[in-house]
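Take a look at the structure set out below.
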Amino acid sequence: MHTLLSGRLARVAAVTVTLFACCIATPTAFADDAAMTHDRHRPSDPPGRQGLIVIAHRGASGYRPEHTLEAYRLAIRQGADFIEPDLVATKDGVLVARHENEISGTTDVASHPQFANRRATKTIDGVTMTGWFTEDFTLAELKTLRAKERIPAIRPGNTRFDGLYAIPTLAEVIALVKRESRNGRRIGIYPETKHPTYFAREGRRLDGTPIHTSLGAKLVETLVAEGFTDPRRIYVQSFEFENLIELKTKLMPAAGIDLPLVQLYDDFVSATPYDVAYNVAHGADLAALYGGLAQQVPGGLNAATRYGAFANEAVLAWMKANYASGVGPWKGSLLPRTTLAAPVDADGDGKAQLAGQGTGIVHPMLGWALKAGLQVHPYTLRAEETYLAQTPGGVPQSVVAEALQLYGLGAQGFFIDQPDQGVLAREIFLEVNGVRGR
């Protein structure tokens with residue numbers, strides 16, 4: 001399924017093939033800019049179609065090194081409604097797009113001898129790592145680096161772009177979105193504040209001085225400065241709770257803006273929100289930071305509170321009433337999988353890499369969130385076999401089938417590394433359901 005099909009019968013056939021045949025969508029669809037020479041998509045204001053959106057996860061990261069202007073540009077040309085920049089801060093307080101503030105895996109910093117003495121060992125959200133960190137570089141210094149593919153073993157084709165693209169600032173991402181929003185089509189951004197507690201309170205630079213940078217404040221400052229504050233074209237997301245509540249109650253009102261906020265969820269069973277663990281450990285006034293949220297969590301907030309404690313009906317209703325417009329759960333929590341006894345070679349490439357199987361279980365969080373009026377945008381859909389799974393009946397799913405499943409369950413959008421495949425899924429879903437037009 002490498003092109004958008006035309007005609008109702010063709011689309012129904014496409015759904016049948018996608019859902020019931022053993023086809024794995026490959027990440028070659030629309031991989032080259034040449035395939036994007038004309039706009040296949042209807043004008044969009046606000047972004048999306050029939051309330052359904054496709055979010056380009058770090059850009060078209062299945063086809064270009066993530067968090068580069070080229071990855072974002074290709075995602076837009078493939079029909080994505082929103083592009084997602086993860087945001088970290090430089091030494092001089094500029095927001096740049098990187099998956100992490102540790103950049104040895106996504107840039108060529110290790111090959112720059114002038115920065116050899118910047119290598120350091122730090123603890124980020126409780127995890128100790130060694131490398132180079134954005135808070136120890138000025139923007140001018142970061143601009144001398146070039147991006148590289150983060151997972152070359154899985155995406156070897158992307159390595160041909162290593163060394164070509166610079167690290168973009170949030171302002172540059174916004175400028176790109178403005179340029180690409182034309183002919184009636186509007187593109188949005190879906191920024192994530194990465195490690196806000198670390199940057200604001202815990203982190204230190206190489207010289208030992210506190211970073212003391214509020215990512216939320218910098219985000220609001222940049223959006224206002226760039227004149228990009230249309231709430232129809234922005235979602236702000238974070239894995240931390242305090243960060244979003246502060247945005248809603250203090251930072252955005254002070255700037256005279258009101259943007260939709262999305263609460264991200266890590267693994268329900270094993271992961272703990274870092275801000276909660278940090279604030280509990282430091283004896284913070286939890287009521288002052290979280291308001292009535294703690295009262296909705298069974299047993300209250302403590303250092304061992306897992307994300308699953310926030311996935312109940314009372315918490316979701318409180319979020320909607322007080323700060324959140326949506327939630328972004330990890331798909332593995334929302335639709336649990338089991339591990340196959342032996343991996344399967346579902347795409348016939350000689351490598352058995354499909355190792356999971358769906359259980360058929362849907363976590364009740366989905367229904368509770370939708371009942372509360374929250375948008376639900378799960379993450380992350382990826383087309384490569386290693387990220388896919390079988391259905392409970394044993395049929396290998398393509399990423400298009402996975403996307404169709406989420407739309408069918410009521411999710412209004414999803415994060416995907418191959419935006420063209422997400423757009424295809426939406427076209428099929430709407431066509432099969434007899435929906436036409438905006």
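Any read-out appearing in this document is the output of simple, stated calculations on the displayed coordinates, not a laboratory observation. This one's a predicted model, so the numbers in the text were calculated from it and none came from an experiment. FYI the Cβ positions are ideal-geometry reconstructions off the backbone, even for glycines, and counts take in every protein chain you see.
The H on the amide N of Arg58, modeled in the peptide plane, is under 5 Å from the matching H of Glu84, each at least 5 residues off or on a different chain. Summing Cβ point charges (Lys, Arg +1; Asp, Glu -1) relative to the Cα centre of segment 235-386 gives a dipole of roughly 360 debye. Using the Karplus relation 6.51 cos²θ - 1.76 cosθ + 1.60 with θ = phi - 60°, the per-residue 3J(HN,Hα) values for segment 287-293 come to 5, 5, 7, 10, x, x, 4 Hz, with x marking Gly and Pro. What you get for the chain, charging only the Cβ of Lys and Arg (+1) and of Asp and Glu (-1), is a dipole of about 860 debye around the Cα centre.
For segment 329-382, the gyration tensor built on C-alpha atoms gives a prolate shape. Its axis ratio a/c (a ≥ b ≥ c) is at least 1.5, and a/b is the larger of a/b and b/c. When the Cα positions of Asn322, Ala369, Asn433 are compared along the charge dipole of the chain, Asn433 comes out farthest toward the positive end, with charges on each C-beta of Lys, Arg, Asp and Glu.
Hydrodynamic analysis of segment 231-365 uses the Kirkwood radius over alpha carbon pairs. Inserted into Stokes-Einstein at 10 °C and 1.306 mPa s, it gives a translational diffusion coefficient of 95 µm²/s. At a threshold of 8 angstrom on Cα-Cα distance, excluding pairs fewer than six apart, so keeping six or more, what relative contact order does segment 139-258 reach in percent? So the answer I get is 20 percent. Residues whose amide H lies under 5 Å from that of Gly188, counting only those 5 or more places away or on a different chain, are Phe82, Ile83; hydrogens are built 1.01 Å from N in the peptide plane. The calculated FRET efficiency for Arg204 paired with Arg182, based on their beta-carbon distance and R0 = 56 Å, is about 0.80. A cut-off of 5 Å between modelled amide H atoms, ignoring neighbours fewer than 5 places along the same chain, links Gln390 with Gly356, Gln357, Gly358, Gln397. Computed from backbone phi, the HN-Hα couplings of segment 274-284 come to 5, 4, 5, 4, 5, 5, 5, 5, 9, x, 5 Hz, rounded to whole numbers (Karplus: 6.51 cos²θ - 1.76 cosθ + 1.60, θ = phi - 60°; Gly and Pro given as x).
Counting only residues at least eight positions apart within a chain, or on another chain, the lysines with an alpha carbon under 30 Å from that of Lys331 are Lys122, Lys148, Lys194, Lys218, Lys248, Lys320, Lys351, Lys371. Rg then Dmax, both in Å and based on the Cα atoms of segment 189-248: 12.7, 42. Restriction of the trypsin sites (Lys or Arg not before Pro) in segment 316-424 to DSSP coil positions whose beta-carbon has at most 14 other beta-carbons within 10 angstrom yields Lys351. In sequence order, segment 403-419 has phi-based couplings of 5, 4, 4, 5, 4, x, 7, x, 5, 8, x, 7, 8, 9, 7, 10, x Hz under the Karplus curve 6.51 cos²θ - 1.76 cosθ + 1.60, θ = phi - 60°, and Gly or Pro positions carry x.
P(r) tail, the chain: Cα-Cα pairs separated by more than 28 Å, 50% of all pairs.
Using 0.36 nm per residue and subtracting the Cα-Cα separation, the extra length available between Ala120 and Thr391 on full extension is 93.1 nm. Compared with the direct C-alpha span, the chain from Val432 to Asn312 gains 39.9 nm at full extension, assuming 0.36 nm per residue. The simple spin-label model puts a point 7 Å past each Cα toward its Cβ; for Ala352 and Thr128 those points are separated by 3.8 nm. Per-residue ellipticity at 222 nm computed for the chain from its helices equals -7500 deg cm²/dmol, with DSSP H segments shorter than 4 residues left out and the rest contributing -39,500 (n - 2.57).
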